[in-house]
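The values are calculated or read from the model by the stated rules, or taken from the named source; none is laboratory data. Quantities reported herein were computed from a predicted structural model and do not represent experimental measurements. All Cβ positions, glycine included, derive from the backbone under ideal geometry; neighbour counts span all protein chains shown. These accessible areas exclude ligands, DNA and RNA; they are computed on the full protein's heavy atoms, side chains included. Shrake-Rupley method; radii C 1.70, N 1.55, O 1.52, S 1.80 Å.
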Amino acid sequence: MEKENVMTLVDAFKMFKDEKNIDRPVMMGVLKDVFLTQLAKTYGTADNFDVIVNVDKGTCEIYQNFEIVEEVEDENCQMTVEEVAEETGDTDYEIGDTYTRPYALKDFGRRGILNIRQNLQGRIMDIEKANVFKKYSEKEGELFTGEVYQTWSKEVLILDDAGNELHIPKEEQIPGERFKKGDSVRAVIKKVEMRNNTTPYIVLSRTSSEFLERLFEAEVPEIMDGLITIKKVVRVPGERAKVAVESYDERIDPIGACIGVKGGRIIGIVRELRNENIDVLQWTGNPQLLIQRALAPARVSSIDMGNGIDNKVKVFMDQEEVKKGIGRGGINVQLAGMLIDREIEVYRLSQDSGADEEDVLLSDFSDEIDGWVIEKLQSIGCDTARGVLALDPEDIAKRADLEDETVEDVINILRKEFED
C-alpha cells in the first residue's frame, strides 16, 4: 500500500513537471515548500531537513540532519556518537558534528503522502489560475475568437484552446443576438476579475466601442499600418455607431479606406455587429465642425456652444432637418453628443412670418398641458405645437423622459388645436 502511495506522489510530481506554463524556479520553490510543510507538520519543525528537487526528472531527495550530542534530548534532530556508529558503521563522528540521513518518501506514511499529493495539486491549480489571470490581463482590449461551449439566459460560456472559461454576460451581448453551442464568436477581452480571491473570471464584450475599434483594425490595413488613426468610437449596440477617423497623409482618404470599394471592408463589420449602422466621419479638432459632420445627413443652420457650465450645446435646424438630425429614437443626436462629450439640444428655427401664423407656442397650452411637461418638451427644442407634431412620439418620450401616455395626450391636444 505504501508503495502505491509513493507512486501516486511520483505521478503528482510528473504532472507538476509537465505544466509548461509554470516557471522552473517557481516549480522548485513550490515543491520544496510542500515537502517542508508536511515535515513540519509531522515533526513539529523542518529546520533540520534539506529538500532537493529535480524538476526535469520529477524526483525529490530529502535529507534529515542530526546534531551529534552526548545525551539526546530531541530524537528528531539529535543522535549520539554510538547511535551513528551503529547505524552507519562509521566511528569517526565526534560530538558537535552533523550526521545527514536520507529520508525516504515512504517514511511520510500513507496519510502524509496523501496530504503532500493534495497540497501539491492545490498549489498547481493556484498557479494555473494565477497564470490565466496574468495571461488575459495582459490581453485586455484585444480581439478574441472562441467557440461557444454553453449558453444560459444571463451569459454565454466560451472555451479557449486550453480549456479556460471566458464569459459574455447578457449586457455585453448585442441586443437580439442568439448563440448556440459550437458557434464561433468574436469579442474583445474587456476585463479579468479574481472571484472569491481564487478564480479568474474573464469577461468578453461585443457591445463596447473598443470591440468595434478592433474590428476596424482587423479589416482596414491602413489602420494597422498607422496611416489612418481612429480618434473616437461611440455606439448604441445593435442600432448605430459613429467612427471618427483621421489620416496624416493627404493622399489617403480615411473614410473611403475604411468603407472600401463598394463597401467591401465595412460590410463585414456591419454583419459581425448584426447589421448595426456605422457612420464613418472625418475627425476634426473643431467641435462645431465635428457636430455638423456627426449630425449628417441633417444640415445644421447654426450652433451655440454655450458657456460650458451646463455641458450643453444648442443646435438650430430648419424644420425639415430636425427629424433627420435627431434620428430614430434620438440615437443620431445622442451619438453626436457622445463624440464631443456634451449634450446636444436640437432647436427648430422659426418659420417665415406666414408660417408663424399657423403655429402656436407651447406656453399657450398651459391651461391644458401641465407646466412641467411643457418645460420638458422645451428642453429638447420643442417650443411650438408644430415642433412637437413634427417628431416621432417615441423620440419625444425618450428624449424628454416622458411616459408614452403623456406624449400621446399632448399630441392629441395639439392636433385638436389645428383641426379646430
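Worth pointing out:
- For segment 153-256, the alpha-carbon coordinates run over 52, 28, 25 Å along the three principal axes, in decreasing order.
- Counting only protein heavy atoms and using a 1.4 Å probe, the accessible area of LEU227 comes to about 70 Å².
- Pairwise centroid distance, computed over Cα atoms, of segment 66-92 with segment 242-313, Å: 86
- Simple spin-label estimate for ARG101 and GLU246 gives 7.7 nm between the two label positions (7 Å along the Cα-to-Cβ direction from each Cα).
- Residue with peak Gaussian network fluctuation, the chain [Cα springs, cutoff 10 Å], from ASN48, ASN131, ASN164: ASN48
- Here is the list for segment 97-162: chymotrypsin sites (Phe, Trp or Tyr not before Pro) lying in DSSP coil, each with at most 15 other C-beta atoms within 10 angstrom of its C-beta, are TRP152.
- Residues whose placed amide H lies under 5 Å from that of LYS190, excluding near-sequence neighbours: GLY141, VAL203, LEU204, SER205
- Folded to 0 to 90 degrees: helix 331-340 orientation relative to the chain principal axis, Cα: 60
- Treating each Cα of the chain as an identical point scatterer and summing with the Debye formula, the log10 of I(q)/I(0) at q = 0.06, 0.11, 0.12 Å⁻¹ comes to -0.50, -0.95, -1.05.
- Here the Kirkwood formula, the inverse mean of 1/r across different C-alpha pairs, assigns segment 88-198 a hydrodynamic radius of 18.5 Å.
- With the simple spin-label model, which puts each label point 7 Å out from Cα in the Cβ direction, the SER302 to LYS41 separation comes to 8.2 nm.
- Label-zone membership for segment 185-229, site LYS154, 7 angstrom Cα→C-beta point, backbone N under 19 Å: 191-206
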